[in-house]
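J.: My questions will all concern the structure given below.
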Amino acid sequence: MPTLPAASEAVVIFGAAGTVIFTDPVLLLSVTDVAVTVAVTTVVDGKGAVYVAAVTTISTFLGCWAVLAYQDAPALTVRSMGDQKFAIKAAQGGIAEVKLGELAQEKAQNEAVRKFGQRMVEEHTKTNHRLKEAALKEKISLPKEMDKKDQATYDALAKLSGAEFDNAYVRDMVQDHQDDIAEFGTEARTGQREEIKTFAAETLPTLKEHLKAAKDMRVAIMKPAVTSDSKTPNKATAKQSGTR
């Protein structure tokens, strides 16, 4: 069995960041950034031959992997926070859609607007339920009220009635669904939490249908009302067309 060298033959220096440096009259060896200290023995025999025996409890690769995993963790957490923020905003928006739909059924003058409001109540209630299920699986707590911006919109619309309400409500629905489609599209493409990402992707087609319906409704209420006079052809013109 080889004997350990004298103190003058080998010196072990422990550096920063887990660096272990071995100096010897014949050998200089440096081992850097391993997770667990590497045990190295430098032996000098009577003929001056150098033997190095190394025993490691963990590989350098594993140590590097641990460092990289630690560095990636904060970035992943930040991206996951984006899913939580989206879910919270989507919940608030969904609540607002239902409340505004109920208001439209109460205050709208145009039948198409009232029916659209009813559709918003029914379909966004279902969407809100699916979001709650997804958030529960991802352990995300959702709000139970709309945000201040939507509350201000609700309060303003509640003061209107008739055609004035119809125009303002439809204008809000077009803008709101355009914004929703952009946000849901981003979450569907870049989301990190699978349940929330899937919810966004599956809800997107419904939001696009709502936007199309809101735009069609906007065109319909902007058309001038058809009067009985416009339905009746001009008698003089009719006679002229039949006289030769």
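The values are calculated or read from the model by the stated rules, or taken from the named source; none is laboratory data. Owing to the predicted nature of the structure, the values given are computational and were not obtained by experimental measurement. Here the Cβ is made from the backbone with ideal geometry for all residues, glycine too, and neighbour counts use every protein chain on show.
J.: Can you find even one residue in region 156-178 that is assigned by TED's automatic domain parsing to the domain that holds residue 135, touching a Lys or Arg at 6+ places or on another chain (Cβ under 6 Å) and small (Gly, Ala, Ser)?
T.: So far as region 156-178 goes, yes, one or more of its residues are assigned by TED's automatic domain parsing to the domain that holds residue 135, touching a Lys or Arg at 6+ places or on another chain (Cβ under 6 Å) and small (Gly, Ala, Ser).
J.: When you go through 153, 127 one by one, which is the residue that is touching a helix residue (DSSP H, G or I) at 6+ places or on another chain (Cβ under 7 Å), within 17 Å of residue 198 (Cα to Cα) and in contact (Cβ under 8 Å) with a residue 24 or more places away in the chain? Before the answer, list the steps.
T.: Working: 153 fails: within 17 Å of residue 198 (Cα to Cα).
Of the residues listed, the single one that is touching a helix residue (DSSP H, G or I) at 6+ places or on another chain (Cβ under 7 Å), within 17 Å of residue 198 (Cα to Cα) and in contact (Cβ under 8 Å) with a residue 24 or more places away in the chain is 127.
J.: For region 134-146, name all the residues that are loosely packed, with under 12 Cβ neighbours inside 10 Å and under 23 Å from residue 177 (Cβ atoms).
T.: 144
J.: If you go through region 161-220, how many residues are in a helix (DSSP H, G or I), over 30 Å from residue 81 (Cα atoms) and touching a residue at least 24 places away in the same chain (Cβ under 8 Å)? Step through it out loud before you land on a result.
T.: Narrowing region 161-220 to residues in a helix (DSSP H, G or I): 162-190, 194-220.
In the following step, the residues that additionally are over 30 Å from residue 81 (Cα atoms) were identified as 162-171, 212-220.
Imposing the further condition that a residue be touching a residue at least 24 places away in the same chain (Cβ under 8 Å) reduces the set to 162-163, 165-167, 169-171, 213-215, 217-218, 220.
The number of residues fulfilling the criteria is 14.
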